[in-house]
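The values are calculated or read from the model by the stated rules, or taken from the named source; none is laboratory data. Values in this document were obtained by computation on a predicted structure and should not be read as measured data. In this analysis, Cβ positions are derived from the backbone assuming ideal geometry, glycine residues included, and neighbour counts consider all displayed protein chains. To get the accessible areas, we keep the full protein, side chains included, count just its heavy atoms, and leave off ligands, DNA and RNA. Shrake-Rupley method; radii C 1.70, N 1.55, O 1.52, S 1.80 Å.
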Amino acid sequence: MSQRSLSVIAPTYNESENIRPFIEKAKEALSRFDWEIIFVDDNSPDGTAEKAFHLSRADHRIRSITRLSDRGLAKSSIQGMLSARGELLCVMDVDGQHDPAVIQEMVERLERDGLHIVSAARRLERDQEMEGLSPLRQKLSTFGNWLSGIVLGRTLSDPLTGFFIIRRDSFLQTAPHLGDPGFKLLLDILHSNKALRHGEVPFDFGVRLHGQSKLDVYVIWKFVTFLLSKLTGGILPVSLISFLLVGGSGIFVHFAVLYAALSLMIPFAVAQTVATLTAATGNFLLNNLLTFSDRRLRGWAKLWGYLKFLVVSAVGIVANVSAATLTYERLVHVVFVATLAGIAIDTVWKFVIANRFIWK
Ligand code: GDD
Ligand code: MN
């Protein structure tokens, strides 16, 4: 009987110490398959790609892909999956947290129930603390599960896992519709192709062998804005949502500084100027950090971008006030609606300019 062909796609970033032990374990678990392992590395500074390359010389079933720009776990996984030769594609982490021994069980489930995709769900429902996750990560995970449930329209025990197997043809069907979900590729796949029959197999999430997790505040931010974008049916793009949230926080900053300054008996015009500048500065820094994290400005470019942002904001304020006044005088005599119209014009204006001229 011919063996099932299966490709393991392993995105890596700074995992040089983990790939050898990963290969050893995977080889054992994959002995019943016609397998290959594809490392997709984002040019890690610790030399992961170089190591993977050497290991690939020793065994032709191991391959190494290096990417030079546009870093990201989901992006790397998609690229690896598109380059794979297996009829089954398995995406998993190489840091020891995903046990290759679970693959066999996942494939059996896929075949037995005629499914298109099977994910390995971390056992989260148990009360005791999960070894692989800190208490904060567990809380975040619960929140993420809940939000994902709303977006997907059904509840999974672990929609956020990074360990799953999908049939190649199902993946190819889905791939053109995928966005950039950062770490959460499974969720995007299930959301983009509602026709996929999906099942879950529980597994014990292990402890990272060497190095540290790459999940940080940007990854979480990307995930939340990605889900919100999906909730709008994709009408509002991820970056606009991020821009809006940052802008919203700027309104709070503005009023906080304004009232603080006024309480210090600072004249209104000065207080208003200081508040506007503080809010604009905060907005610029946050957008540079979060909204445009993949095009982040540094050094002189950052200073220059900041000055441009201030000019844009100044024009925006004028546009905002005029739009509000016009709306109020010509259309509706409701202060709230008129103000909203002004803010909307200002925001769209800033977003367009920011995209085209600041974070190019
Ligand atoms: N190519 C590439 N580029 N690989 C990356 C990147 C990246 O920017 N960031 C992380 N990786 C690789 C890591 O090297 C590792 O093999 C795997 O992706 C998971 O990254 P970790 O940094 O270990 O993530 P984690 O353990 O915090 O998160 C895991 O659990 C999450 C659920 O809590 C991942 O499996 C996530 O996908 C999962 O959602
Ligand atoms: Mn990990």
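Taking only protein heavy atoms and a 1.4 Å probe, what accessible area per residue, in Å², does region 73-212 have with all protein chains in place? The partial results should precede the final answer.
On the way: 6160 Å² over 140 residues.
Using a 1.4 Å probe on heavy atoms only, each residue of region 73-212 averages 44 Å².
In the chain, if the dipole is taken from +1 on Lys/Arg beta carbons and -1 on Asp/Glu beta carbons about the Cα centre, which of Ile358, Gly233, Ser119 is farthest to the positive end?
Looking along the dipole axis, the top candidate is Ile358.
Normalising by the residue count of the chain, find the relative contact order in percent from Cα pairs under 8 Å and 6+ residues apart. Let's see the in-between values first.
Numbers: 523 pairs, mean separation 49.8, N = 360.
This gives 14 percent for the chain.
Counting only GluC sites (Glu not before Pro) that sit in a DSSP loop (anything but H, G, I, E, B) with at most 12 other Cβ atoms within 10 Å, what is the longest stretch of the chain containing none of them? Write down the numbers at each step before the final one.
Values: sites that count: Glu125, Glu129, Glu131.
Within the chain, the longest run free of exposed GluC sites (Glu not before Pro) spans 132-360.
Taking θ as phi - 60°, what are the ³J(HN,Hα) couplings along region 98-114 by the Karplus curve (6.51, -1.76, 1.60), each to the nearest whole Hz, with x for Gly and Pro?
These are the phi-based 3J(HN,Hα) values: 10, 7, x, 4, 6, 4, 3, 5, 5, 5, 4, 4, 4, 6, 4, 9, x Hz.
What would the Debye formula give as log10 I(q)/I(0) at q = 0.07, 0.10, 0.13 Å⁻¹ for the alpha-carbon point model of the chain, no solvent?
Summing over Cα pairs of the chain leads to -0.40, -0.72, -1.04.
Just going by the charge dipole of the chain, with Lys and Arg at +1 and Asp and Glu at -1 on Cβ, which of Asn193, Val207, Gly305 is farthest out on the positive end?
Positive-most Cα among the choices belongs to Gly305.
Cα atoms only, region 238-358: Rg and Dmax in Å?
Here Rg and the maximum Cα pair distance are 15.1, 47 Å.
Before anything else, pin down the relative contact order of region 4-98: Cα pairs under 8 Å, at least 6 apart, normalised by residue count, whole percent. Please list the in-between numbers first.
Numbers: 177 pairs, mean separation 43.2, N = 95.
About 46 percent, as a whole number.
Roughly speaking, what is the centre-to-centre gap between region 30-104 and region 294-360 when only Cα atoms are used, to the nearest Å?
That distance is 44 Å.
Does region 39-159 come out rounded, prolate or oblate by the C-alpha gyration tensor, with a ≥ b ≥ c the root eigenvalues, rounded set by a/c under 1.5 and, if not, prolate when a/b is larger than b/c and oblate if not? Don't jump to the answer; show the numbers that get you there.
Working: a/c = 1.87, a/b = 1.45, b/c = 1.29.
Prolate shape, in that a/c is at least 1.5 and a/b is the bigger ratio.
Keeping every protein chain present and rolling a 1.4 Å probe, give me the accessible area per residue for region 238-358 in Å². The partial results should precede the final answer.
Numbers: 7080 Å² over 121 residues.
Spelled out: the 1.4 Å probe surface of region 238-358, per residue, equals 59 Å².
Using a 1.4 Å probe on the protein heavy atoms, what percent of the accessible area of the chain belongs to carbon and sulfur? It would help to have the intermediate numbers written out before the result.
On the way: 11380 of 18420 Å².
With neighbouring chains kept in place, the figure for the chain is 62 percent.
Write down the Å³ per residue value for the convex hull defined by the alpha carbon atoms of region 283-347.
Details: hull volume 4.8 nm³, N = 65.
It comes to 74 Å³ per residue, whole-number rounded.
Compute the angle between helix 48-58 and the longest alpha-carbon principal axis of the chain, please, reported from 0 to 90 degrees and rounded to the nearest 10.
20
Compute the helix-to-body angle for 135-152: its Cα long axis versus the longest principal axis of the chain, expressed 0 to 90° and rounded to tens.
Approximately 80 degrees, to the nearest 10.
Taking amide H positions as placed in the peptide plane 1.01 Å from N, state which residues far from Ile38 in sequence (5 or more) or on other chains have amide H under 5 Å from it.
Val8, Ile9, Ala10, Arg63
Going by the alpha-carbon gyration tensor, a ≥ b ≥ c the square roots of its eigenvalues, is region 169-224 rounded (a/c under 1.5) or, if a/c is not under 1.5, prolate (a/b greater than b/c) versus oblate? Spell out each step's value before the answer.
On the way: a/c = 2.54, a/b = 1.44, b/c = 1.77.
Verdict is oblate for region 169-224.
Hey, what angle do you get for helix 335-353 against the long axis of the chain, alpha-carbon based, 0 to 90 degrees rounded to 10?
Orientation of helix 335-353: about 60 degrees from the principal axis.
Among all the aspartates and glutamates, which ones have a C-alpha under 13 Å from Lys230's C-alpha, if same-chain residues fewer than 8 places away are not counted?
Hits, sequence-local ones excluded: Asp180, Asp188.
Of Gly47, Gly96, Ala26, which is farthest on the positive side of the dipole of region 23-112, counting Cα position, with +1 on Lys and Arg Cβ, -1 on Asp and Glu Cβ, and the Cα centre as origin?
Gly47
Past the 19 Å Cα-Cα mark, which pairs from Lys75/Lys350; Lys27/Lys51; Lys27/Lys214; Lys222/Lys302; Lys75/Lys184; Lys302/Lys350? Walk me through the numbers on the way to the answer.
Values: Lys75/Lys350 28 Å; Lys27/Lys51 17 Å; Lys27/Lys214 26 Å; Lys222/Lys302 21 Å; Lys75/Lys184 10 Å; Lys302/Lys350 17 Å.
Beyond 19 Å between Cα atoms: Lys75/Lys350; Lys27/Lys214; Lys222/Lys302.
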